[in-house]
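A.B. asks: This is the structure I have questions about; it appears just below.
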Amino acid sequence: MSTRLKVCLFCLICVAFIGADRWTKQLAKEHLMYSQPKSYFHDTFILEYVENTGAALSFGDSLPQPFSFWLLSILPLGVIIMLFVYVMRQLNDFSMFKLFCFAMIIAGGLGNIIDRIIYDRHVTDFMNMGIGSLRTGIFNVADVCITAGVIGLFLVYLNTSKGLLRPDRADH
């Protein structure tokens with residue numbers, strides 16, 4: 001596949017996931033902000049509107065605003081930029097699956113950074129899963145993208161390190 005096509009696909013994937021994240025967050029604001037949580041499948045899946053000023057599980061929620069801005073907006077944006085540069089430099093060595101995983105991570109990171117910048121550190125979260133008292137934190141589509149992308153890259157690494165693919169063709 002040509003480099004130009006890979007760049008276009010990568011960008012389209014990122015835009016699609018950022019768009020899905022923005023759209024679902026807007027739906028959450030419209031339909032969940034002033035309502036009671038909505039439960040599905042006997043509380044296995046709950047939709048509940050929350051604005052998070054921290055990172056995962058509200059980590060850093062109580063930081064002063066300037067520190068929070070640098071730690072949760074600028075630093076992650078720098079990491080995403082470095083990740084993007086890495087992906088563009090390694091593009092021809094990546095399989096489409098690996099490229100898709102990186103696109104998910106970058107799009108998810110940007111989705112949450114967009115919220116932090118536009119809404120003064122507040123990220124819209126609205127999904128919660130679990131059984132009984134064993135539950136996830138409340139999360140959003142951007143969080144799902146980041147998590148799925150990291151798991152995908154981990155699977156690529158495991159597949160490569162266990163020799164399930166030829167080492168010289170591990171990502172192809």
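A.B. asks: Hey, what angle do you get for helix 141-161 against the long axis of the chain, alpha-carbon based, 0 to 90 degrees rounded to 10?
C.D. replies: The helix 141-161 is inclined about 30 degrees to the chain.
A.B. asks: With everything on Cα atoms, drop me the angle between helix 75-90 and the longest principal axis of the chain, reported from 0 to 90° to the nearest 10.
C.D. replies: Helix 75-90 sits roughly 20 degrees off the main axis of the chain.
A.B. asks: Okay, next question. Can you tell me the order of 122-135, 30-43 when each peptide is scored by its average per-residue count of other Cβ atoms within 10 angstrom, highest first? Mind showing how you got there, number by number?
C.D. replies: Details: 122-135: 15.7, 30-43: 11.4.
Per-residue Cβ counts within 10 Å, averaged per peptide and sorted highest first, yield 122-135, 30-43.
A.B. asks: Give, rounded to the nearest 20 debye, the magnitude of the charge dipole that the chain has about its Cα centre when Lys and Arg contribute +1 at Cβ and Asp and Glu contribute -1 at Cβ. Walk me through the numbers on the way to the answer.
C.D. replies: Values: 14 positive and 13 negative charges, 122 e Å.
With Lys and Arg at +1 and Asp and Glu at -1, about 580 debye.
A.B. asks: Return the sequence-ordered ³J(HN,Hα) values of the stretch 11-21 in whole Hz as given by the Karplus equation 6.51 cos²θ - 1.76 cosθ + 1.60 applied to θ = phi - 60°, using x for Gly and Pro.
C.D. replies: For the stretch 11-21, the Karplus-derived couplings read 5, 5, 4, 4, 4, 5, 6, 5, x, 5, 5 Hz, x marking Gly and Pro.
A.B. asks: So, one more: Mark the label point 7 Å from the Cα of Phe45 along Cα→Cβ and return the residues of the stretch 136-155 whose backbone N is within less than 17 Å of it.
C.D. replies: The answer is 136-145, 148, whose backbone nitrogens lie closer than 17 Å to the label point.
A.B. asks: From the residues Met129, Gln90, Trp23, which one has its Cα farthest along the dipole of the chain in the positive direction, the dipole being from +1 and -1 charges on Cβ of Lys/Arg and Asp/Glu about the Cα centre?
C.D. replies: Positive-end residue among those listed: Gln90.
A.B. asks: When the label point is put 7 Å from the Cα of Met96 along its Cα-to-beta-carbon vector, which residues of the stretch 10-39 have a backbone N closer than 18 Å?
C.D. replies: Hits in the stretch 10-39 for Met96 at 18 Å: 10-17.
A.B. asks: Rounded to the nearest 500, what is the chain's calculated 222 nm mean residue ellipticity when only DSSP H runs of at least 4 contribute -39500 (n - 2.57) each, over all residues?
C.D. replies: On the way: 5 runs with 94 residues, N = 172.
Roughly -18500 deg cm²/dmol at 222 nm, from the helical runs in the chain.
A.B. asks: Counting Lys +1, Arg +1, Asp -1, Glu -1, what net charge surrounds Gln65 among other residues with beta carbon under 10 Å of its beta carbon?
C.D. replies: Numbers: positive: Arg121; negative: Asp120.
Result for the neighbourhood of Gln65: 0.
A.B. asks: To continue, here is another question. At a 10 Å Cβ-Cβ cut-off, how would you order Val141, Val15, fewest neighbours first?
C.D. replies: Details: Val141 25, Val15 13.
Least crowded to most crowded, the residues run Val15, Val141.
A.B. asks: Let me ask you something else. Using only alpha carbon pairs under 8 Å that are at least six residues apart, calculate the relative contact order of the chain and give it in whole percent.
C.D. replies: Numbers: 223 pairs, mean separation 51.4, N = 172.
Relative contact order comes out at 30 percent.
A.B. asks: With a Cα-only, solvent-free Debye model of the chain, what are the log10 I(q)/I(0) values at q = 0.11, 0.18 Å⁻¹?
C.D. replies: Computed log10 I(q)/I(0) values: -0.54, -1.15.
A.B. asks: Still on this structure, I have one more. With each label point set 7 Å from Cα along the Cα-Cβ vector, what nm distance links Leu12 and Lys162?
C.D. replies: Going from the Leu12 label point to the Lys162 one covers 3.2 nm.
A.B. asks: Rounding to the nearest 10 and keeping the result within 0 to 90°, find how far the Cα-based axis of helix 96-118 lies from the longest principal axis of the chain.
C.D. replies: Helix 96-118 and the main axis of the chain meet at about 30 degrees.
Taken together, the values in this text are just the output of simple stated rules run on the coordinates, not laboratory data. Everything quoted here is computed from the prediction, not taken from an experiment. Reconstructed Cβ throughout: ideal geometry from the backbone, glycine too, with neighbour counts over all protein chains shown.
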